[in-house]
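The values are calculated or read from the model by the stated rules, or taken from the named source; none is laboratory data. Being a predicted model, the structure only gives us computed values, none of them experimental. Reconstructed Cβ throughout: ideal geometry from the backbone, glycine too, with neighbour counts over all protein chains shown. Please note that ligands, DNA and RNA were not included when accessible areas were found on the heavy atoms of the full protein model with its side chains. Shrake-Rupley method; radii C 1.70, N 1.55, O 1.52, S 1.80 Å.
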Amino acid sequence: MKKNLLSVLVLVLVVVNIVISAIMMISIIGTNKKTAELITSVAMALNLELYNPGGTTEIDVPLVDTVSHEMNDVMIQLRPETVVNADGTTSSAKPVYIMFNLTLQMNSKHEDYATYGANITDRETVVLNEVERVISSYTKTECDNNFDEIKQEVLASIQHVFGSDFIFQILVTNKKFG
């Protein structure tokens, strides 16, 4: 008789344990869903991208949808560096030029590609003007130290001029100073 009573007691405790575990899981899942919805709504309000590892802003465009436009032998005069003379006065160093090949990477599936990108050759002067405006404000030392940041600034400036991000990346090759 004691064995049966003990078995019934163990069975009741197991059932109570299962019920309490189920109640805890339901309350935790509900809270977790509400927290995820709150984070999503805050991110949307702040216009943040939730899945942006590394903090880059590059747009992923499949290679099949990418159209390239090359502009060779772009030459821009850089801002002269200030030189401190032996007597303590400052003067400007001789002009330094940067020469490179510029490639615009465009998304052919973007809605603005038909308007601007299909005939980008007609707008080359606009692009080159923005490239020159941004890069000419830097010295040779600044270009050597942080050219990737300068490229991002050039890209943002070009996108601002067109009012679109159909140009999603710029590539600079054969960079030379003279």
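Distance from the alpha carbon centroid of region 79-99 to that of region 130-178 works out to 22 angstrom.
Within the chain, count lysine pairs with alpha carbon atoms under 18 angstrom apart where the residues are 8 or more positions apart or belong to different chains. Show your work: numbers first, answer last.
Values: K94/K140; K94/K176; K140/K151; K140/K175; K140/K176; K151/K175; K151/K176.
Here the count comes out as 7.
Among the helices of the chain, those built from whole DSSP H runs whose Cα atoms reach 15 Å or more along their own axis and whose mean Kyte-Doolittle hydropathy is at least 1.0 are 2-45. Explain nothing, just the number: dipole magnitude of the chain about its Cα centre with +1 on each Lys and Arg Cβ and -1 on each Asp and Glu Cβ, in debye rounded to the nearest 20. Around 1260 debye, computed over the chain. I'd like the FRET efficiency for A118 and A36, computed as 1/(1 + (r/R0)^6) with the beta carbon distance as r and R0 of 35 Å, rounded to 0.05. So the FRET efficiency works out to roughly 0.25.
Using a cutoff of 8 angstrom between alpha carbon atoms and counting only pairs six or more residues apart, the relative contact order for the chain works out to 23 percent.
With each label modelled as a point 7 angstrom along the Cα→C-beta vector, the D60-N4 pair spans 6.5 nm. For the chain, the residue among V131, N32, L63 whose Cα projects farthest onto the positive side of the dipole built from Cβ charges is N32.
Against the criterion of solvent-accessible heavy-atom surface with a 1.4 angstrom probe, L13, L104 sort, most first, into L13, L104.
Determine the order of R123, R79, R133 by accessible area, beginning with the largest, at a probe radius of 1.4 Å.
Working: R123 65, R79 105, R133 130 Å².
The residues order as R133, R79, R123, largest area first.
Over all distinct Cα-Cα pairs of region 88-178, the Kirkwood formula returns a hydrodynamic radius of 14.4 Å.
Semi-axes of the chain's equivalent ellipsoid from the Cα gyration tensor, sqrt of 5 times each eigenvalue, largest first, rounded to whole Å? Can you show the working numbers first?
Working: eigenvalues 767, 121, 38 Å².
Taking √(5λ) for each eigenvalue gives 62, 25, 14 Å, largest first.
Taking each residue as 0.36 nm, the span from E81 to Q159 lengthens on full extension beyond its C-alpha to C-alpha distance by 25.2 nm. Counted residue by residue at 0.36 nm each, then reduced by the alpha carbon distance between them, the extension gain from V16 to K175 reaches 49.9 nm. Solvent-accessible area of Y138, all protein chains in place: 40 Å² (probe radius 1.4 Å, heavy atoms, ligands and nucleic acids excluded).
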